Amino acid sequence: MNKQTNTSALPLAARILMAAIFVLSGIGKIANPAGTMGYISAMGLPFPELGLAAAIGIEVVGGLLLLAGLYTRPVALALAAFSVVTGVIFHSAIADQNQMIHLMKNFAMAGGLLQIAAFGAGSLSLDARRTPSALRAA
């Protein structure tokens, strides 16, 4: 790999693809809050209203920040942690093949997000515009 890789459109494409699932999921929760709170309650978690608000905030705000490439590394780490935690809580019935696939999807998303956290947003991002050029390549 050469230094040109970080200035390509690939990091932007990765952020778009990773952000899409979070933003759309958050919008789905806004559209059906009762269904989401019912699912949270069915998992035995307390305070479904708080869980709904937190999930919407993390997914929509985090997804949009990731898409824009703003505060990318900490946002990617937070979304990776969210993906693992929600996967373990909501998709732990691994004897059910569908739930196993969802759990592995969450883990795969966390892996992609860790790559974004490790390598940054790339040159086509708001982070690149606010970071001195000497730090951008790091």
For Ile27 and Ile101, FRET efficiency with R0 = 30 Å and r from the beta-carbon atoms, rounded to 0.05? 0.85
Radius ratio Rg over Rh of the range 3-136, counting only Cα atoms, Kirkwood formula for Rh: 1.03
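Starting with the fewest neighbours, write out Met100, Met109 ranked by other beta-carbon atoms found within 10 Å of each beta-carbon.
Numbers: Met100 14, Met109 20.
If I rank by nearby Cβ atoms, fewest first, I get Met100, Met109.
Values in this text are rule-based calculations from the coordinates and carry no lab data. Quick caveat, the model's predicted, so the values are computed rather than measured. Cβ coordinates were reconstructed from backbone atoms using ideal geometry, including for glycine residues, and neighbour counts include every protein chain displayed.
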